Amino acid sequence: MTGKAKILIVDDNPNNRLAIRTILKGIDAELHEADNGFDALTMAIETEYALVLLDVQMPEMDGYEVCEQLRADARTADTPVIFLTAAYKENSDKRRGYSAGATDYLTKPLDDHILKAKVHVFLRLYWQYQQLQENNAALALAASVFESQQGIVISNADNIIVRVNKAFSEMTSYSAEEAIGKNPSILKSGRHDTDFYRAMWQSIHNLGAWQGEIWNRRKNGEIYPEWLSITPVKNNGVITHYIGTMTDITEYKSAEAQIHQLAFYDSLTGLPNRRLLLERLQHGIEMCVRDNKLMTVMMLDLDNFKPVNDSLGHLAGDELLQQVARRLLDCLRTADMIARLGGDEFTVLLENITHADDAAHVAENIITALSKPFYLVLEHKEVGIGVSIGISVYGQHGTTPQLLMDHADAALYKAKDSGRNCFAYFSEDLTIAARSRIELESRLRGVIEREELLVYYQPQVDIATDKIIGAEALIRWQQPVEGFTSPGQFIGFAEETGLIDIIGAWILREACRQGRQWLDAGLPPLVLAVNVSPHQFRHSNIISLVADVLNDTRFPAHCLELELTESGLMDNQDKTRFILDNLRQLGVHIAIDDFGTGYSSLAYLKHFPITTLKIDKSFIDDIPYQQDDMAIASTIIAMGHILGFKILAEGVETPEQLAFLLEKGCDNYQGYIKSKPVPAHEFVRLLRDQQRDG
């Protein structure tokens with residue numbers, strides 16, 4: 001072997017080629033350049049290259065096609081190719097690139113250390129491969145060549161091992177006696193699937209060789225990485241043997257992992273550093289654009305860290321930062337990212353959140369967690385710090401990584417000016433709204449414990465007899481919660497925060513308890529209707545809840561009707577059918593509330609075990625003045641009866657509306673014409689009056 005190894009740099013951008021040349025300055029190899037795929041193929045055929053550094057995106061002929069052409073030509077089939085691709089396209093490029101024959105991948109911007117390390121390895125492997133080729137040529141003349149530093153295994157045409165060298169035994173722990181007669185699959189690690197090995201053998205038979213990185217298993221079970229080359233030996237065109245040469249690259253992989261750790265992670269806390277944060281932030285922005293997602297950036301700065309660091313020393317400060325990092329990780333979802341930018345500055349990236357003020361909840365949790373004392377083992381001392389947090393929201397406060405970071409940083413200073421140990425959004429309006437929302441949620445969580453909730457009952461009336469046959473249970477509070485002007489706002493907020501599950505369970509239990517009490521007092525049996533929110537229906541175990549409540553209160557199941565909205569019914573229809581079937585088996589009735597405002601059809605509802613349809617108030621309000629509403633109400637009544645449903649009209653307020661519904665055969669109604677929702681004792685008075693009137 002004479003002369004230097006040659007490396008071909010292929011990139012249509014001269015600045016990129018210059019950057020690579022600069023990084024590889026001092027490498028013991030000749031650097032050649034091509035600015036397009038056609039020239040690269042010509043040069044690769046005319047010159048033997050130890051390595052090709054190939055850009056993916058090029059005009060006329062891209063990197064994939066170049067690589068496929070190289071692999072298709074026997075003269076260049078074994079030339080290692082490292083694709084250079086943008087970080088944000090790494091995963092998709094890798095899949096396509098490896099299919100085209102790529103040996104390895106590097107992402108832009110290139111890391112000097114990683115590029116140099118990989119080039120050194122491939123140059124070493126190139127010279128080793130050159131040496132191996134010479135050794136194979138002289139194998140018949142010099143048996144000593146077989147005992148090289150590389151592991152060598154020779155198998156017959158049936159892939160049964162017939163000979164191994166000493167390096168193979170040292171590497172795998174299998175002696176020659178243990179290996180001969182076995183299939184090389186004894187080395188399989190289990191980390192590669194069948195597609196990997198299928199592609200390997202296709203390359204061996206179609207291209208005349210295969211080489212690449214593979215994970216194998218030693219005799220003692222240890223899994224290790226190796227660089228493996230497999231070449232078939234032919235006699236008169238027929239394969240008689242396979243020669244495999246292997247190099248243990250454990251040290252290289254370890255060095256590569258260390259380089260990656262140093263390049264992308266903070267050495268003190270193990271958290272991602274600024275470089276990895278910016279890459280993740282850019283990727284998050286792309287997801288926001290593609291999927292209309294919401295993302296926030298939170299800048300954190302520790303309050304009172306400097307006095308601790310100055311008074312107790314840097315070792316104590318480092319220990320404190322490590323403890324802070326662990327607490328921050330405990331406050332976040334696994335999908336969230338926490339990075340250390342340096343000193344006592346941290347950044348949190350919250351992706352795929354529902355509301356902009358979700359970040360406020362996370363900020364409150366972080367503030368609470370970091371307000372608790374830290375015990376420093378080195379100093380045997382307890383210290384207290386705090387944290388100030390600035391928040392920026394993608395879209396509202398910027399659409400680039402730098403703007404989001406800058407605005408979160410500006411919001412951080414706003415939080416510090418507000419007294420520290422608090423959070424602030426870049427927008428003052430958002431800060432006020434988020435803090436108000438957190439306060440409202442806190443107050444809402446206590447309404448049950450403080451016994452501020454009440455159940456009101458609105459009579460449901462048989463339209464033919466004008467007799468009360470049931471009631472809808474509706475939630476009210478004794479002292480309205482500040483910020484809510486109607487029950488609808490109250491319930492809507494509870495659904496957004498997930499508190500509707502607790503409140504929904506409470507009103508169900510309270511209504512059944514009250515119904516049992518009325519039965520025990522001798523009042524006639526009534527059907528009590530209780531609303532179930534879509535959130536409660538989807539996310540709580542409603543079947544178990546209803547069964548437990550009925551068992552605990554002894555309220556008859558046939559006297560309970562659960563009201564669902566159309567949207568809640570149509571989501572995940574298989575699961576909905578399963579839940580409704582189980583509820584009907586308990587004996588409970590099912591009603592569809594506000595029918596006509598959703599997207600379900602009457603014909604489709606027959607697939608569910610429904611007993612009652614409630615015509616939405618919006619279709620009743622303008623009767624008899626709006627012909628469209630009258631037609632819709634008539635149709636719902638007629639078709640509902642055909643399908644076997646009871647029909648109840650909501651919001652009946654005038655004699656004209658009642659007369660129309662009676663004429664059309666509506667079964668039941670509720671509305672102010674009979675009674676508004678009233679407390680339990682007033683509802684009892686209505687029932688007593690009805691009994692007295694006969």
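The values are calculated or read from the model by the stated rules, or taken from the named source; none is laboratory data. The structure displayed is predicted, hence computed values, not measured ones. All Cβ positions, glycine included, derive from the backbone under ideal geometry; neighbour counts span all protein chains shown. Ligands, DNA and RNA are excluded from the accessible area calculation, which covers all protein heavy atoms including side chains. Shrake-Rupley method; radii C 1.70, N 1.55, O 1.52, S 1.80 Å.
Quick look at the values:
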{"item": "Residues that are among the polar types (S, T, N, Q) and farther than 12 Å from residue 271 by Cβ, drawn from segment 323-379", "result": "323, 334, 352, 354, 365, 368, 371"}
{"item": "Test: residue in segment 380-397 that is over 13 Å from residue 297 (Cα atoms), β-branched (Val, Ile, Thr) and surrounded by fewer than 18 Cβ atoms within 10 Å (Cβ to Cβ)", "result": "no"}
{"item": "Every pair of residues 6+ apart whose Cβ atoms lie under 8 Å, when the first sits in segment 309-327 and is free of Cβ contacts under 8 Å to residues at least 40 places away in the same chain while the second is open to solvent by 10 Å² or more (accessible area, probe 1.4 Å) and part of a helix (DSSP H, G or I)", "result": "317/305; 317/308; 317/309"}
{"item": "Residue ID - farthest from the chain's Cα centre (by Cα), chosen from residues in segment 160-184 that are open to solvent by 30 Å² or more (accessible area, probe 1.4 Å) and in contact (Cβ under 8 Å) with a residue 24 or more places away in the chain", "result": "162"}
{"item": "Residue that is most open to solvent (accessible area, probe 1.4 Å), among those in segment 185-212 that are assigned to a strand (DSSP E or B) and in contact (Cβ under 8 Å) with a residue 40 or more places away in the chain", "result": "211"}
{"item": "Subset tally (residues that are hydroxyl-bearing (Ser, Thr, Tyr), modelled with pLDDT of 70 or more and either touching a Ser or Thr at 6+ places or on another chain (Cβ under 7 Å) or open to solvent by less than 10 Å² (accessible area, probe 1.4 Å) (or both)) for segment 423-467", "result": "2"}
{"item": "In segment 640-675, residue most open to solvent (accessible area, probe 1.4 Å) [restricted to those that are among the charged types (D, E, K, R) and free of Cβ contacts under 8 Å to residues at least 60 places away in the same chain]", "result": "663"}
{"item": "Filtered residues of segment 520-567 (kept if β-branched (Val, Ile, Thr), open to solvent by 10 Å² or more (accessible area, probe 1.4 Å) and assigned to a helix (DSSP H, G or I))", "result": "543, 553"}
{"item": "Unique match (being crowded, with 18+ Cβ neighbours inside 10 Å and of a type in the set (D, E, K, R)) among 75, 95, 71", "result": "71"}
{"item": "Selection within segment 78-92 - within 28 Å of the chain's Cα centre (by Cα) and open to solvent by 40 Å² or more (accessible area, probe 1.4 Å)", "result": "88, 89, 90, 91, 92"}
{"item": "In segment 359-379, the residues that are closer than 25 Å to residue 281 by Cα, in contact with a strand residue (DSSP E or B) (Cβ under 7 Å, 6 or more places away or on another chain) and open to solvent by 20 Å² or more (accessible area, probe 1.4 Å)", "result": "362"}
{"item": "Selection count where residues are outside any loop (DSSP other than H, G, I, E, B) and either in contact with a Ser or Thr (Cβ under 9 Å, 6 or more places away or on another chain) or β-branched (Val, Ile, Thr) (or both), scope segment 69-87", "result": "10"}
{"item": "Cβ pairs under 9 Å, 6+ apart, first in segment 352-369 and small (Gly, Ala, Ser), second open to solvent by 40 Å² or more (accessible area, probe 1.4 Å) and not in a loop (DSSP other than H, G, I, E, B)", "result": "356/433; 360/433; 360/435; 369/327; 369/330"}
{"item": "Every pair of residues 6+ apart whose Cβ atoms lie under 6 Å, when the first sits in segment 452-472 and is assigned to a strand (DSSP E or B) while the second is among the hydroxyl-bearing types (Ser, Thr, Tyr)", "result": "459/675; 461/669; 471/457"}
{"item": "Residue within segment 326-344 that is more than 24 Å from residue 279 (Cβ to Cβ) and either at pLDDT 90 or above or open to solvent by 50 Å² or more (accessible area, probe 1.4 Å) (or both) present", "result": "yes"}
{"item": "Qualifying residue in segment 594-605 (condition: farther than 19 Å from residue 459 by Cα, touching a strand residue (DSSP E or B) at 6+ places or on another chain (Cβ under 9 Å), open to solvent by 40 Å² or more (accessible area, probe 1.4 Å) and of a type in the set (Ser, Thr, Tyr))", "result": "yes"}
{"item": "Test for residue 303: is it open to solvent by less than 40 Å² (accessible area, probe 1.4 Å), closer than 24 Å to residue 112 by Cα and among the charged types (D, E, K, R)", "result": "no"}
{"item": "Cβ pairs under 8 Å, 6+ apart, first in segment 25-43 and of a type in the set (Phe, Trp, Tyr), second assigned to a strand (DSSP E or B)", "result": "none"}
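Matching residues to (1) among the basic types (Lys, Arg); (2) open to solvent by 70 Å² or more (accessible area, probe 1.4 Å):
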| residue | (1), (2) |
| --- | --- |
| 6 | yes, no |
| 17 | yes, no |
| 22 | no, yes |
| 27 | no, no |
| 38 | no, yes |
| 47 | no, no |
| 52 | no, no |
